[in-house]
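What follows is calculated from the coordinates using simple rules that are stated; it is not laboratory data. From a predicted model like this one, the values you see are computed outputs, not experimental measurements. Using ideal geometry, Cβ is built from the backbone for each residue, glycine included, and neighbour counts are taken over all protein chains shown.
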Amino acid sequence: MECINAKYVSQKISKTRWRPISYSSLQQPEIFATGSWDNEDNKISIWSVGTNGGSGLEDELEGDPQLLCEHKHDGDVLDLQFLDQDRIVTASSSGAVTIFRHHQNTQAMSISQHWARAHRYPCNNAPCTGVVCSSPEIVTVGEDGGIIVFRADHEGVIRVIENADSSTIHAVTYLRTTEILTVNSIGQLKLWDFRQQSNSPSQILSLSGDRVPLHCVDRHPNQQHIVATGGQDGMLCVWDVRQGNAPFSLMEAHSAEMWEVHFHPTNPDHLFTCSEDGSLLHWETSSHSDMPSFLQGGRNSSIISRSAMAPAGGNQSLISAWLSGDSSKGHLETTHMLPSQTLSVNSLDVLGQYLVCGTDGEAIFVNRQVPV
Amino acid sequence: MEEVDVEPAVTNIPAVGDKKHMGFAWGPGDILVYETLYQPPGPSGSVFPFIHEVRKDEDIYSPILRKLFNESHHIFVGLQTIKEDLPSKSKKPQFVSISKNYRSVIRACMEELQQVAISTNDAQVATQYGNQVSILLAIELIWNLCEVLFIDAAPAGSLLLHLLDWVRLHKADVYEKAREVLHSENPAEHPDYWDVVVSYVLQGKLEEVRQMLVKQATQQPAARGMYNLMDTLLSKMPYYNPGGTQTLTEFDVKWRHWHDEVDRCVQDNSFASNQHLELICKILLGSEDTLLQCKDLLSNWYHFLVTRLLFGHPTVKPTELHYFAQSSINMFLDSRTAPEPLDSILLAAFEFDIHQVIKDCSIALNNWWFVAHLTDLLDHCKLLQSHNLHFGSNLREFLLLEYASGLFTHHSLWQLAVDYFDHCPEFGRVYLELQIERVPLETERKALKVLRICEQRQMSEQVRSVCKIMAMRALRNNRLGSALSWSIRAKDAAFATLISEKFLQDYCARGTFSDLDLIDNLGPSMLLSDRLTFLGKYREFHKLYGEKRFTEAAKLLLSLMTAKIAPRSFWMTLLTDALPLLEQKEAIFSAEQTYELMFCLGELTSSLNTAAPGTDRSMQEEDLEVTKVELLRLALARNLAMAIVKEGTVDT
């Protein structure tokens, strides 16, 4: 645990995101953004963990996050994404969608685009719960069950699907460039194809019967048909959107709401989840069972998992480790990544060997040696 | 009624005018004050429609102190999980280390406040932070002393060593000064040189004193003998080593030998030619008059006390402390200056009167953070058992409840308070139940967090209340799907019925269902209320019909009426739905089923006829109704004929 830095920041953190890095340069991530919630004045803040950046005070611990700049944010920050190197899109509980620009030379922030009341009810604001972007396109979802498409350079709205969902949409992710996937509070995944003009989903997948609300979704970075979701009961579900409408496997992960799930962007055999129960889990699956895992060896790991389905047809040569089935044979390892703590871990982001997460205990944890 | 210990301080509320008649309401951490309509006789001013919120505790809103609350929450939770059944011997080091954790959090907070106070340009902010720093300093001082006396409970011998560390930690400005002197060009000539040396002596840092004196000795070769003698005295002073094999008596004998040696030097006037060395020698002898001469360097009575013990009574027992403390305070403070609150708190600690310490701290400090955490820790050390309050449960719980209630009034720190309530066995739950319902729910995310707190504690009443709030809000925003989901989660049958009713009305008005994704996936939750069951089943009928599975659809439709699942008001719609099925080329309803349908229609028309006379339904509507019934009768009759023929035909 010695490579974990904790910093108390006097605000409950709802989202943490690394600034993207270009993979061509062998650069380590250095800058991350956080958003706060449930404060009288919420903020979006930019931090640096770089050794050369920041103020370079002598007595500061190496790797301790340094605040670079912050900006007031109207309402809770419910989601936050980097649009590119210096623009950040936020989703607010006031229903607004805002693009902030981070001026890296002067270390200042300004609002470069603002759509007030993007999500709304007839006579009220509706919280905007999720945002996903692939520059310049931005897709947001909200408690009003609507899906809105923006372009960063357009003031207007490109497309609105009103009442796309009868319940709250909690999260959204891109499946392909024209397809998105949303998860809602009655346990459904819905695929939307923007090439079609119809305002109904092209496919609906759901957990049979239980109607357990889903809170987060992430797509496998290389294999676009593999999707991981997490829900209210803390279960991790892995889905193959090509096959059937039920999850491929269900794994018990947390004892309360799973707030975020992320595949490692460059090493997708690793997956990370965080939860209301105050834990952050690192999942590792290895496609070759005889390969020694670096995670084995007396660490505080708990393996509670089961496979809901038999392995899919074995004649596919390239089959993801997440779909290769039988997790009970020890292919899947889970590790707790945080020292015991009781308050919710609301968000996490992982990039390279760096992981950042934020909690309701008003702390940010940065781990700079994630074993991937 | 008990007497008050101190007169409560008067706080003026700005913006509240004179001669106004004020009303107020107590909150957990603050008071609401408002002007009443009552007009006192005499010239009356206008009534201002303002409500003032008077906060007792400002610290909770300080961004830096928030870190203190958050970090200490973590330590608090860790403390509660220490197993009860461990032998007390193995617990003590744990308690001491927890106490040290608390103190290091205070220190970290203090340092940050200090930095901000220095770097700010705003004088008001600087003084505000400066005040907070001095409060934290005092808190840490008291906590540290309590740790030494109560938690660590060091026996004679090591007690003094701990007290010495305590004084050294809180009189750290000597090191600053020493560094300044040592970094100057000629330390021995520095104006503060002797102050530093004497301060070191007073703190018992004799190694440092010897190093300092060497610098002086090299400059005065003539006095070398005298300096050598002092060096010997200093190096020979015995220290008790708690880990060693030496017993306390052996140490005492050794110490007395050394003391006699110092005494001889004083008698011989060995240092008469150098006033500084003579002063040091007299301090080593433990002369109280000499110590009092160094008042400025000691700066407070407890430093005086510890130095006095160090050179006069190094084997002081815990039980003797209060005597020395009392006499030190008398000697050190002149009779005119009254002891400050801090003095009496420390004195109470030296007297081992824990309750007095807690009581005085509660009065002197403006928030409950310190007393709540300290009391909790002392309670875990089993030091507070004998005491019971006339109210509430016990002292620990009372203070924790007060502290947590204060946190709960904060818009953001309320989540911390939950764990504090959890560890108050008697009233914690009641407090939590009352407070949790009053958390404003701006988003579903927050509602889910509140719900999780309630569900983990089986607080079903609060779960219902939260879900109902969210369902009502969704309903107001015309989000029937969300509203239904919330009422299903709350298992609120009445509300589910209400929303199902709305869905059906919508259907009647528009002819299509909204929110199909939800209704199609009700699953077992459909059974929550009759109306919801009907909604789900009715939608199932439409689905079957859409899939052209007519026989199954017909069976379902009929059962909806015969099993009395469908409300009577909806029967006409159901019968109308049956029309296209009756009109099919093939008989779908069997003869028996048709009889049942006819029975249903008959029941419906008769009830309509008895209830309807005199109602102001328009002629047109009535006509429509009559035509519908006629049509139905015709269709039923035809279908019956078809069914009888079909059933009568023998399949070959």
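Side notes on the structure shown:
- Whole-angstrom gap from region B:220-276 to region A:220-247, using each part's C-alpha centre: 79 Å
- Pairs of Cα atoms farther than 20 Å apart, region A:112-242, %: 42 percent
- Across all Cα pairs in the protein assembly as shown, the calculated P(r) in 20 Å bins from zero up to the longest distance comes to 10, 31, 30, 19, 7, 3, 1, 0 percent per bin.
- Cut-off under 5 Å, modelled amide H: who pairs with A:Tyr121 long-range: A:Ala126
- Taking packing as the residue-averaged number of other Cβ atoms within 10 angstrom, the listed peptides B:564-576, B:68-80, B:154-166 run from highest to lowest as B:68-80, B:154-166, B:564-576.
- Separation of alpha-carbon centers, region B:102-121 and region B:546-602, rounded to whole Å: 78 Å
- Taking the inverse of the mean reciprocal distance over all distinct Cα pairs, the Kirkwood hydrodynamic radius of region B:238-307 comes to 13.7 Å.
- Along region B:196-204 the Karplus relation, 6.51 cos²θ - 1.76 cosθ + 1.60 evaluated at θ = phi - 60°, assigns HN-Hα couplings of 5, 4, 5, 4, 4, 4, 4, 8, x Hz to successive residues, with x for each Gly and Pro.
- Viscosity 1.306 mPa s, 10 °C: Kirkwood-radius Stokes-Einstein D of region B:402-535 over Cα pairs, µm²/s: 98 µm²/s
- Rounded to the nearest 20, the Cβ-based charge dipole of the protein assembly as shown about its Cα centre (Lys and Arg +1, Asp and Glu -1) stands at 1960 debye.
- Straight-distance crosslink candidates among lysines, where the alpha carbon sits under 19 Å from A:Lys43 and sequence neighbours closer than 8 are dropped: A:Lys7, A:Lys12, A:Lys15, A:Lys72, B:Lys67, B:Lys446
- Partner aspartates and glutamates for B:Lys548 [C-alpha distance under 19 Å; skip if fewer than 8 residues away on the same chain]: B:Asp520, B:Glu540, B:Asp577, B:Glu583, B:Glu586
- Rounded to the nearest 500, the 222 nm mean residue ellipticity of the protein assembly as shown from helices alone is -13500 deg cm²/dmol, with -39,500 (n - 2.57) taken per DSSP H run of at least 4 residues.
- Each residue of region B:255-261 was assigned a 3J(HN,Hα) from its phi angle through the Karplus expression (A = 6.51, B = -1.76, C = 1.60, θ = phi - 60°), giving 5, 5, 4, 4, 4, 4, 4 Hz with x at Gly and Pro.
- Volume per residue that the Cα convex hull of region B:328-479 spans, once the total is divided by residue count, Å³: 138 Å³
- For region B:444-542, averaging the sequence separation of C-alpha pairs within contact (under 8 Å, six or more residues apart) and dividing by the residue count gives a relative contact order of 20 percent.
- Computed from Cα atoms alone, the Kirkwood hydrodynamic radius reported for region A:169-268 is 13.4 Å.
- In summary, the aspartates and glutamates within cross-link reach of B:Lys236, defined as a Cα separation below 20 angstrom excluding same-chain residues under 8 places away, comprise B:Glu207, B:Glu208, B:Glu250, B:Asp252, B:Asp260, B:Glu261, B:Asp263, B:Asp268, B:Glu278.
- Cross-link check: pairs B:Lys100/B:Lys295; B:Lys585/B:Lys628; B:Lys89/B:Lys449 evaluated at a Cα-Cα cut-off of 32 Å; pairs beyond the cut-off: B:Lys89/B:Lys449.
- Value of relative contact order over chain B, rounded to a whole percent, pairs C-alpha under 8 Å and six or more apart: 8 percent
- Along region A:87-92 the Karplus relation, 6.51 cos²θ - 1.76 cosθ + 1.60 evaluated at θ = phi - 60°, assigns HN-Hα couplings of 10, 10, 9, 10, 10, 10 Hz to successive residues, with x for each Gly and Pro.
- Largest first and in whole Å, the equivalent-ellipsoid semi-axes of chain B read 87, 28, 21, each the square root of five times a Cα gyration tensor eigenvalue.
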